[in-house]
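The block underneath contains the structure these notes are about, expressed in structure tokens.
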Ligand code: TRP
Ligand code: SF4
């Protein structure tokens, strides 16, 4: 069982601006983000530095995609009122933290992160034997740790990066969270909570350390989060004291897996830019309709009179997402008996997709018409992100001997 010091009320995630977003992103990542923003304090950012690690020869790709990416997020229903949206490179503290973490980051550990070799193989046309690319997961760790996030929504491929982030946090706390007189200081801090909370803290701590009661650990975290009279330093001590060793300066996050999107590409393979089979988030309606009409179906249906099998048809995958049971029954019956043609079958889908796109386009419209709105959202977001990041950095600098004045 992994012991976490995470206080899962803060969520952080980033997306690389390397192309326009498509329905795969929408039904996978973005809907997940939209749901999370109601439950947690969310920080979502454009990972432009991460994009540069692979696209350093194509800066235009990055600058062209940032604005549209944020508009796509807003179109998907991200609420800029409750969620902090920002651009990584506008919060330079991420780079500072990444540099500081690099001081104790073993080179061999980074070389063994699976994506390092995998991506080099996959993107052979790019030279990825660079310091920037090797440091990709460490920069990602900094992105997360700087907000002391508890939860990081990511796809399966990113899980090794979150594991590395956890290791970095543990190592940091081990190196810099130890202090002389730790236990005494923790005991003094307990008293500062007041009688009732102090008693509660002690009994929850005992329940965890003696019986391994993880529920008690979680309750103790919540108790600490609610304390108004404790300094940050004391809180870190008491988080650390629950589990042993030293202060918890950087928090170990957990991955929250994003379920893979079920939207197939237009050719039935996974929807992906590299297969050229995507439907963009705010596509032109006429183009969309034309594309859907031309979309391949069960190859057995050569003539209108040939029956088919929905299971062998990418169009059916779309029905599973967009159509109700009645329509689906109509498709199954009509397809297997050649009672309907493929164009008939696509009719309700074209309607549903146009409707969805219309909603997305409507939500995006004010931002498309007035880019100043997006700029304001981003600039507020960067300011808010920097406040939180700066607070962590003050601690980090101090603990790493950089608090000279
Ligand atoms: N590496 C992530 C991806 O390719 C993007 C990313 C950068 C990220 N920094 C992050 C995701 C921090 C979560 C948290 O998808
Ligand atoms: Fe596919 Fe529908 Fe044609 Fe059947 S009728 S092959 S499900 S498009």
Nearest 10 degrees, 0 to 90: what angle lies between the long axis of helix 214-226 and the longest principal axis of the chain (Cα atoms)? 80
Each label sits 7 Å from Cα toward the beta-carbon; between residue 79 and residue 187 the label points are separated, in nm, by 4.7
Relative contact order (%) - criterion: Cα under 8 Å, at least six apart; region: the range 182-242: 45
Springs between alpha-carbon pairs under 10 angstrom, Gaussian network model over the chain: which of 189, 300, 142 fluctuates most? 300
In degrees rounded to 10, the 0-90 angle between helix 195-211 Cα long axis and the longest Cα principal axis of the chain is 70
Hey, with R₀ at 56 Å, roughly what FRET efficiency would residue 338 and residue 167 work out to, going by the Cβ-Cβ distance, to 0.05? 0.45
Gain in span if fully extended, residue 104 to residue 309, counting 0.36 nm per residue against the direct Cα distance: 68.0 nm
Measure out, as a whole number of angstrom, how far apart the alpha-carbon centroids of the range 383-405 and the range 121-142 sit. 27
Quick one: if you stick a label point 7 Å off each Cα along the C-beta vector at residue 383 and residue 320, how many nm between them? 4.7
Ranked 146, 321, 87, criterion: other C-beta atoms within 10 Å, fewest first: 321, 87, 146
In a Gaussian network model over the chain where Cα atoms closer than 10 Å are linked, find which of 358, 229, 32 has the largest mean-square fluctuation. 229
R0 = 41 Å: FRET efficiency of residue 124 with residue 293, Cβ-based, nearest 0.05? 0.70
Length added when fully stretched, residue 403-residue 390, from 0.36 nm per residue minus Cα-Cα: 3.3 nm
Counting alpha carbon pairs within less than 8 Å and at least 6 residues apart, what relative contact order, in whole percent, applies to the range 168-327? 20
Could you give the angle, 0 to 90 degrees to the nearest 10, between helix 371-399's Cα long axis and the longest principal axis of the Cα atoms of the chain? 30
Computed lengthening from residue 39 to residue 274, 0.36 nm per intervening residue step minus Cα-Cα distance: 81.2 nm
For labels at residue 174 and residue 56 in the simple 7 Å Cα→Cβ model, what's the distance in nm? 3.1
What translational diffusion coefficient, in µm²/s and rounded to a whole number, does the Stokes-Einstein relation yield for the chain at 10 °C and a viscosity of 1.306 mPa s, taking the hydrodynamic radius as the Kirkwood radius over Cα pairs? 67
Looking only at 216, 169, 75, which one moves most when the chain is put into a Gaussian network model with springs between Cα atoms under 10 Å? 216
Rel. contact order, % - alpha carbon contacts under 8 angstrom, at least six apart, the chain: 23
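Each reported figure results from applying straightforward, stated rules to the coordinates on display, with no laboratory input. This one's a predicted model, so the numbers in the text were calculated from it and none came from an experiment. Note that we place each Cβ from the backbone using ideal geometry, even for glycine, and neighbour counts take in every protein chain shown.
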